[in-house]
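Just below is one structure, and these are the notes that go with it.
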Amino acid sequence: MAVSQMQRVRIFAHSSHRASLIKDLQELEIVHINNINEDVESSSEGESKTKIRNLQNDLSRLQSTIQYVYNYEPKKGLLNSFMGGGKPIFSFSEFDEIGKKIEADEWQVSSRRATEEQNVCDECNLMGDHLTRLTNQESRLHSEKENLIHWLNLDSPIENLHDTEKTAIRVGTIPIGIYDSLINEIRSSNIDLSVEVIDRTIGEVNVVMIFLKSEEQIIAPILAKNGFSMVSLPISSGKVIDRLKQIDDGIADISVQRNRIKQRSSELAFHRPRLMATYDYMREMLDREEVKASFTHTEYTFMIDGWSRKSDVPKMKEILSKKYEEIEIEASDPTDEDEPPVELKNNPVVRPYRMVTSLYGIPHYREIDPTKLLAPFLTIGFAICLTDAGYGFTVALLAGIIMILNRKRGVSDLIRILFLCGLTTGLIGAITGGWYGFTAKDLEESGSFLRHFVLLDPNVKQLEFLALIVLFGYIEVCFGFMVKTYISLKSRDWMSAFCDQIPWVLIMLLAAVFVLGMIGVEVPSMAKKIALAVIILCALIIVAFAGRDVKNIAGRIGSGIFAIYGNVTGTFGDTLSYMRLFALGLATGIIASSVNTIAGMLWTSTPGKIGAILVLIFGHPFNIAINALGGFIHSMRLQFVEFFTKFYEGGGTEFNPFKKKHIYIGISDEIKN
């Protein structure tokens, strides 16, 4: 279901066509190439490796330059970037012209004439290195200044601070709390001591001490005991004040040089789009060179092995056969042992939801595609979490604006999903009477025409709203078992279908008869008896056959009873998980109503009105953002945990045809030179 049919293709061709055929396949974008390199020696192998290495080096250099100049581009702001300020767009002719220059080897280092982009890379590389050196130099200067700043009042040249024949000079620090006691202790010992306090900090006293060498044996232990620490100043000559002035001048000069580099870098940022286009084209070249390594080849021939959509094979044969004479193309359907890559094929409405399927895992080739199945449940689950028509239409409007502004660059699947979820939220919100925090009761009191659309007010009939959500969850869980039944029937696993899935699906469906009776709906007694009989029969079938692989009768029956117990408790737990939607839906409405209440309380004075407007401007968007995020995550979690686990495995390989991949830019034939 919704998975494209694949065929295995093998292309045999003469080695002279190797480069051009690879480029043609990249242009066609229809072949998923397998890596089956058998390490066959070739005279061109060394040349190819050298070219790959050169391209990788050039791409690394380009990427560094692109990242460097990005920091100096005029910033467009978050909103502008999100709503259309994405990839730069080039026309086919512009991009082709860039490619011709690169193919002509004008970019490579060996070229005699450097391109403008290459000059930009060289200059940016030099400026980046210069900035690094300036930063390191500035860091060293700041570190030196930090060490010297507390010795600013030391007016003696550093070269004079050395021992003489009879005196010793010690430069260091003393803990401020014991400075006075230390000095008193030394002086009470009748020691001649000269102490000059240079500076005092929060915790230390910076001092220069002068005493007789003959008394050093007495003074040294006292200093050590009281925490005196020798200081080695970072300069060997001159005055501290002069060195600090030199440091300040050096830091100022570094700032001037940095500003000059930043100004020049801002000028070079103009080249960033073209650098990005150059990168993307060279990335294509690298892909072509690397894919050669996946070919089985001999001296005169080579073979390409891969997968293609069955519908594309005739087109590929026609195009390549017309262009090349020495070529043979074989196509065959996958065998049971093959595991072809998978391409999900969905209609435009469902297609965005492939993002959710991919997050869980691509299906195997012969597995069902759950995208179309999860789409309505995910959308309705999101809508229940918001339950506010105003919020829903706001989300849809914002997503629609982004889709329009980015129609040339391409719109992400998430934005398309939010657009559909927003519209659905608008409908469910209208039914439940929620409009930007105003409830169905508010609509009724105001006489708004919107009151006519209200079918259920969750703020008044909370139990009924909860029951509907639980019913919604029960339906999805039951549907999951139905899909499993379909898969078993399709694969002709008759025992699983008729002894496991169908009996349990019937039990789940017929249980509704008794639930209806419990909530007051009149159900004919005969219908109840028939339903009970079928349920008992189905339960007996499960008990008898669920443990059919167990040879022991008692073990088989025990396995069957355990299967019934597991199905009941599992279904019950999975269904109750949907109650989280109820909590999120009520929370959204309560927060929205609180925002309106706070704004109303402030609306009593002129300053209060300004505050009320700010509360509304920031409160409602915050509520929309936080609950839309929570609604999407929780709805997606329900699909993964409660729905997919009934029938879906995933883990397939995505169909990834060899094609041009534009990382940085977009291509549009609507833009003319």
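The values are calculated or read from the model by the stated rules, or taken from the named source; none is laboratory data. Quick caveat: nothing in here was measured; it's all calculated off a predicted structure. Backbone-built Cβ (ideal geometry, glycine too); neighbour counts: all protein chains shown. Side chains are part of the model used for accessible areas, which takes the heavy atoms of the whole protein and leaves out ligands, DNA and RNA. Shrake-Rupley method; radii C 1.70, N 1.55, O 1.52, S 1.80 Å.
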Considering only segment 410-469, state which residues are among the β-branched types (Val, Ile, Thr) and free of Cβ contacts under 8 Å to residues at least 12 places away in the same chain. Val411
Could you check, for segment 497-517, whether at least one of its residues is in a loop (DSSP other than H, G, I, E, B), more than 41 Å from the chain's Cα centre (by Cα) and at pLDDT below 90? no
Within segment 604-620, can one find any residue that is more than 30 Å from Leu386 (Cβ to Cβ), open to solvent by less than 50 Å² (accessible area, probe 1.4 Å), out of contact with any His (no Cβ under 6 Å at 6 or more places or on another chain) and assigned to a helix (DSSP H, G or I)? no
Counted residues, segment 412-447 - those being open to solvent by 60 Å² or more (accessible area, probe 1.4 Å), over 18 Å from Thr379 (Cβ atoms) and either touching a helix residue (DSSP H, G or I) at 6+ places or on another chain (Cβ under 8 Å) or at pLDDT 90 or above (or both): 3
So which residues in segment 201-227 are over 23 Å from Pro157 (Cβ atoms) and either within 59 Å of the chain's Cα centre (by Cα) or charged (D, E, K, R) (or both)? Thr201, Ile202, Gly203, Glu204, Glu215, Glu216, Ala224, Lys225, Asn226, Gly227
Residues satisfying the stated conditions in segment 320-344, i.e. open to solvent by 80 Å² or more (accessible area, probe 1.4 Å) and assigned to a strand (DSSP E or B): Glu328, Glu330
Answer yes or no as to whether Ser294 is of a type in the set (Ser, Thr, Tyr), within 30 Å of Phe90 (Cβ to Cβ), open to solvent by less than 20 Å² (accessible area, probe 1.4 Å) and out of contact with any helix residue (DSSP H, G or I) (no Cβ under 6 Å at 6 or more places or on another chain). yes
I'd like to know if segment 304-313 contains one or more residues that are within 30 Å of Asn596 (Cβ to Cβ), open to solvent by less than 40 Å² (accessible area, probe 1.4 Å), at pLDDT 90 or above and of a type outside the set (Lys, Arg). no
For the subset of segment 594-603 comprising residues that are open to solvent by 40 Å² or more (accessible area, probe 1.4 Å) and part of a helix (DSSP H, G or I), which member is farthest from Gly433 (Cα to Cα)? Leu602
Yes/no for Ile362 being closer than 22 Å to Ser308 by Cβ and in contact with a Gly (Cβ under 8 Å, 6 or more places away or on another chain): yes
Residue list for segment 392-437, restricted to those being of a type in the set (Val, Ile, Thr) and either touching a Pro at 6+ places or on another chain (Cβ under 6 Å) or closer than 22 Å to Ile469 by Cα (or both): Ile417, Thr424, Thr425, Ile428, Ile431, Thr432
Only residues that are among the aromatic types (Phe, Trp, Tyr) and either farther than 24 Å from Arg548 by Cβ or without any contact (Cβ under 8 Å) to a residue 40 or more places away in the chain (or both): list them for segment 499-537, please. Phe514
Restricting the search to segment 639-669, which residues are under 28 Å from Arg366 (Cα atoms), open to solvent by less than 30 Å² (accessible area, probe 1.4 Å) and touching a strand residue (DSSP E or B) at 6+ places or on another chain (Cβ under 7 Å)? Gly652, Phe655, Pro657, Phe658
Among the residues of segment 270-290, is there at least one that is without any contact (Cβ under 8 Å) to a residue 24 or more places away in the chain, among the small types (Gly, Ala, Ser) and either in a helix (DSSP H, G or I) or surrounded by fewer than 14 Cβ atoms within 10 Å (Cβ to Cβ) (or both)? no
In segment 172-208, anything in contact with a Phe, Trp or Tyr (Cβ under 8 Å, 6 or more places away or on another chain) and in contact (Cβ under 8 Å) with a residue 40 or more places away in the chain is listed as Gly172, Thr173, Ile174, Leu182, Ile198, Asp199, Asn206
In segment 542-555, residues that are surrounded by 18 or more Cβ atoms within 10 Å (Cβ to Cβ) and assigned to a helix (DSSP H, G or I) total 3
Residue count, segment 361-411, condition outside any helix (DSSP H, G or I) and either under 30 Å from Lys484 (Cβ atoms) or open to solvent by less than 60 Å² (accessible area, probe 1.4 Å) (or both), comes to 15
Matching residues, segment 563-608, being among the aliphatic types (A, V, I, L, M), touching a helix residue (DSSP H, G or I) at 6+ places or on another chain (Cβ under 8 Å) and within 29 Å of Leu471 (Cα to Cα): Ala563, Ile564, Leu576, Met579, Leu581, Leu584, Leu586, Ala587, Ile591, Ala592
I'd like the full set of residues that are surrounded by 14 or more Cβ atoms within 10 Å (Cβ to Cβ) and either among the polar types (S, T, N, Q) or within 48 Å of the chain's Cα centre (by Cα) (or both), limited to segment 518-540. Ile535, Cys538, Ala539
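Let's see how each residue does on (1) under 17 Å from Asp369 (Cβ atoms); (2) modelled with pLDDT of 90 or more; (3) surrounded by fewer than 16 Cβ atoms within 10 Å (Cβ to Cβ):
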residue: Lys315; (1), (2), (3): no, yes, yes
residue: Glu318; (1), (2), (3): no, yes, yes
residue: Asn346; (1), (2), (3): yes, no, no
residue: Leu359; (1), (2), (3): yes, yes, yes
Can you tell me how many residues within segment 462-475 are surrounded by 14 or more Cβ atoms within 10 Å (Cβ to Cβ) and either touching a Pro at 6+ places or on another chain (Cβ under 9 Å) or closer than 15 Å to Ile590 by Cα (or both)? 2
Cβ-Cβ below 8 Å, separation at least six or inter-chain, first residue in segment 8-29 and farther than 30 Å from Glu337 by Cβ, second assigned to a strand (DSSP E or B): which pairs? His14/Thr301; His14/Ile327; Ser15/His297; Ser15/Thr301; Ser15/Phe302; His17/Ile327
